[in-house]
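Written out below as C-alpha cells is the structure these notes cover.
The values are calculated or read from the model by the stated rules, or taken from the named source; none is laboratory data. Treat the numbers as computed from the prediction; the structure is a model and nothing was measured. Ideal geometry is used to build each Cβ from the backbone, glycine not excepted, and the neighbour counts take in all protein chains shown.
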Amino acid sequence: MRSLARGYTDASIQVLGGYLNCEKTEPSIRIVAARELLDRGWGKPNQPAEHKVEGSIDVIIRDLMAEKAKKK
C-alpha cells in the first residue's frame, strides 16, 4: 500500500503547489498546502514528549531486557 501511495508523490506535489500558487485559492487552503509541502521537504518539527520514569536507569534497562528475553 505504501509503495502504491508513493507512486502519487509527483502528482500530489504538483496539486499542492498549484493550490499554493493560485491567487484565487482561499488563504486557509494555501496555508495548508504550504505546510504540507514544507513537512514533506524538511520534515515535521519535533514534538516534545514528557515521560515520568521512576527507578534507576539500570533497573529499567534490566527489566526491558528481561521482557525482551521472555518474548523470544
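What about Ile29, is it assigned to a helix (DSSP H, G or I) and either under 18 Å from the mean Cα position of the chain (by Cα) or at pLDDT below 90 (or both)?
Considered against the rule, which asks whether it is assigned to a helix (DSSP H, G or I) and either under 18 Å from the mean Cα position of the chain (by Cα) or at pLDDT below 90 (or both), Ile29 comes out as no.
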State which residue pairs qualify: first residue of a type in the set (Asp, Glu) and inside region 14-38, second residue in a helix (DSSP H, G or I) in any location, beta carbons under 6 Å apart, and separation of 6 or more residues or different chains.
-> Glu36/Leu16
Among (1) assigned to a helix (DSSP H, G or I); (2) modelled with pLDDT under 90, Asn46 falls short only on (1)
Flag if Ser3 is of a type in the set (S, T, N, Q), surrounded by 11 or more Cβ atoms within 10 Å (Cβ to Cβ) and either in a helix (DSSP H, G or I) or touching a residue at least 12 places away in the same chain (Cβ under 8 Å) (or both) | no
Report yes if Arg62 is at negative phi, out of contact with any Gly (no Cβ under 8 Å at 6 or more places or on another chain), assigned to a helix (DSSP H, G or I) and modelled with pLDDT of 90 or more, otherwise no.
-> no
